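Trainee: The structure follows.
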Amino acid sequence: IPVVMADEIEFPYENSLDWKKLTVKIAEKDVNNTLSILRGIPQATIEEKRREIEKVWRMVAWQKPSKPGDAFHSVMRELEGKKRFMKVSSFTFWN
């Protein structure tokens, strides 16, 4: 289970993955208490996070050759969501 120790972080695939279900996040101010925080996580929570990771790990795994549902396809989905809706814009300098 990934442990994140960063207050301001932008996760990859934020539009596709619910990182709260997949990680343990520790506030930067609490870094010195990491061990006690991790030991305090209930076993049921750990198992639930493991089940969630099992459902989605292929989305962030690079395969050669690429297979549907792997990291390549996840990146393409993310990029598709970022494309401009209008090709002609006053903010561009080409036609």
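Trainee: State whether the range 30-69 is rounded, prolate or oblate according to the following rule on the C-alpha gyration tensor (a ≥ b ≥ c being the square roots of its eigenvalues): a/c under 1.5 gives rounded; otherwise a/b larger than b/c gives prolate, and the remaining case gives oblate.
Mentor: oblate
Trainee: What shape does the range 1-46 have by the C-alpha gyration tensor, where a ≥ b ≥ c are the square roots of the eigenvalues, rounded means a/c under 1.5, and otherwise prolate means a/b greater than b/c and oblate the rest?
Mentor: Oblate, because a/c is 1.5 or more while a/b does not exceed b/c.
Trainee: Keeping all protein chains in place, calculate the accessible area per residue for the chain (probe 1.4 angstrom), answer in Å².
Mentor: 83
Trainee: If contacts are Cα pairs under 8 angstrom and at least 6 residues apart, what is the relative contact order of the chain in percent?
Mentor: Relative CO of the chain lands at 24 percent.
Trainee: Taking amide H positions as placed 1.01 Å from N in the peptide plane, with prolines and chain starts having none, which residues 5 or more places from LYS25, or on another chain, fall under 5 Å of its amide H?
Mentor: Residues meeting the amide H criterion: VAL4.
Trainee: Does the chain come out rounded, prolate or oblate by the C-alpha gyration tensor, with a ≥ b ≥ c the root eigenvalues, rounded set by a/c under 1.5 and, if not, prolate when a/b is larger than b/c and oblate if not?
Mentor: oblate
Trainee: Roughly to the nearest percent, how much of the accessible area of the range 8-47 is carbon and sulfur, given a 1.4 Å probe?
Mentor: Reported share for carbon and sulfur atoms: 51 percent.
Trainee: How much net charge surrounds ILE41 when only other residues with a Cβ under 13 Å from its Cβ are counted (Lys, Arg +1; Asp, Glu -1)?
Mentor: Taking every other residue near ILE41 into account, the sum is +2.
Trainee: With labels modelled as points extended 7 Å from the Cα through the Cβ direction, what inter-label distance (nm, one decimal) is found for GLU14 paired with LYS55?
Mentor: 2.1
The values are calculated or read from the model by the stated rules, or taken from the named source; none is laboratory data. Note that the structure is a prediction, hence the values are computed from the model and not measured. All Cβ positions, even for glycine, are placed from backbone atoms using ideal geometry, and neighbour counts span all protein chains on display. We work out accessible area using only protein heavy atoms, side chains counted, and drop any ligands, DNA or RNA first. Shrake-Rupley method; radii C 1.70, N 1.55, O 1.52, S 1.80 Å.
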